Amino acid sequence: METLKNEIIRLKKEKNAVILAHYYQMDEIQEIADIRGDSLALAIEASKLDAEIIVFCGVKFMAETAKVVSPNKKVLIPVIDATCPLADTADKESVLNKKKELGDVAVVSYVNTNVDVKTVSDICCTSANAVNVVKSLKEKRILFVPDRNLGDYVAGEVKDKEIILWNGACPVHEAYDIEQLYDLKNKYPDAAVAVHPESPRAIREAADFIGSTSGIINFVGNSSSKRFIIGTEEGILFELKRNNPDKEFYIIGSRSVCTNMKKITLNDLYLSLKEERFEIKLDKKTIEEAKKPIERMISIKRNQ
Ligand code: SF4
């Protein structure tokens, strides 16, 4: 494994490449990455980098977003079928049809959408800034695509707007059962509960904190609690344990894994750098159209 890691570091320097990794990636990928972060942080970082190659260790919509904000760079994803089942619940045509049916609405698309949906969105958002994004709009009716749990969370925080939900959900967060959370709360009554807004409402209502992966990481770092029940993909434990070696963490349901996020191995990363595969290619029109809602999103600050 050490040889592989050394080769990745060597190739990275030789090719002026930067490795970005989402917090849900496997530990060894996060370890070797130049930048770790949530979708919003990585999108912002990608737009600022002066590297020639960005290797995006995440799922495809994230690499597409990096390409849109950095069209002159070569953007690679080490495994081409690392896709997001939540993103795949919406496509451009079905969003346009829904918009036509609803009439006067603003389309807010979670960054977890494929690039074609972004091209027909008024603004994008991430779980870190969704509430502020919706508040920033003058429109009173919002079509929120595609995560119904995040949209429901936003609706609870922004009472003066009508939020129309798309019927999509993240299979990882959707799987949380309130009984699993109660079991952990009974076992560790002193633990603070921090969950992602993609979690179902019952889980969110029983939490002490609701936020994006970065939000959860900050919450844990600033909390005086010693134990935490966490409601998001278990890759977040890498950063949580690294920053808080004296704290204990329990994931709802004991395991929570996004199989797509875990598809990228060190060997895939090595091959991606070596052979410059798999390149994200988008046409000029798609980039121009998708750039507007993404840039509009980047200008809005985080909820927390
Ligand atoms: S955790 Fe859920 S939303 Fe994130 S990539 Fe996996 S399936 Fe998609």
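Structure remark: mean-square fluctuation, Gaussian network model of the chain, C-alpha springs under 10 Å; the largest value among Gly215, Gly151, Gly231 belongs to Gly215.
Other residues with beta-carbon under 13 Å from the beta-carbon of Ile294 carry, at +1 per Lys or Arg and -1 per Asp or Glu, a net charge of 0. Across the range 176-251, the volume of the C-alpha convex hull divided among the residues equals 74 Å³ per residue. Count charges around Asp190 for me, please; just the other residues with Cβ under 13 Å from its Cβ, Lys/Arg as +1, Asp/Glu as -1. Computed value for this residue: +3. Take every Cα pair under 8 Å whose residues are at least 6 apart in sequence, average their separation, divide by the length of the range 215-304, and the relative contact order is 24 percent. Rounded to the nearest 5, the antiparallel percentage of DSSP beta bridges internal to the chain is 5%. Direction-averaged projected area, Cα convex hull, the chain: 15.3 nm², rounded to one decimal.
Rounded to the nearest 20 debye, what is the charge dipole size of the chain about its Cα centre when +1 sits on each Lys and Arg Cβ and -1 on each Asp and Glu Cβ?
On the way: 45 positive and 47 negative charges, 142 e Å.
Dipole magnitude for the chain comes out near 680 debye.
Taking a straight line from the alpha carbon of Lys247, these lysines sit under 26 Å away, with near neighbours fewer than eight places off in the same chain left out: Lys185, Lys187, Lys226, Lys262. Relative to one another, the C-alpha centroids of the range 80-147 and the range 23-65 are positioned 22 Å apart.
The accessible area of Glu295, taken with all protein chains in place and a 1.4 Å probe, comes to roughly 100 Å².
Residues Arg227, Arg242, ordered by accessible area of protein heavy atoms at a 1.4 angstrom probe radius and largest first, appear as Arg242, Arg227. Within the shell of other residues whose beta carbon sits under 11 angstrom from the beta carbon of Asn72, the net charge comes to +1, with Lys and Arg scored +1 and Asp and Glu -1.
Relative contact order of the chain: 23 percent, from C-alpha pairs under 8 Å at least 6 residues apart in sequence. Around the Cα centre of the range 165-293, unit charges on the Cβ atoms of Lys, Arg, Asp and Glu (plus for the first two, minus for the last two) sum to a dipole of about 240 debye. Every helix of 4 or more DSSP H residues in the chain counts as -39500 (n - 2.57), and over all residues that averages to -12500 deg cm²/dmol at 222 nm. Amide H contacts under 5 Å for Leu137: none, restricted to partners 5 or more places along the chain or on a different chain, H placed in the peptide plane at 1.01 Å from N.
The values are calculated or read from the model by the stated rules, or taken from the named source; none is laboratory data. Computed from a prediction, not measured in an experiment: that's the story for all the values here. With ideal geometry, Cβ positions are generated from the backbone for all residues, glycine too; neighbour counts draw on all protein chains shown. Just so you know, the surface numbers come from the protein's heavy atoms only, side chains and all, with ligands and any DNA or RNA stripped out. Shrake-Rupley method; radii C 1.70, N 1.55, O 1.52, S 1.80 Å.
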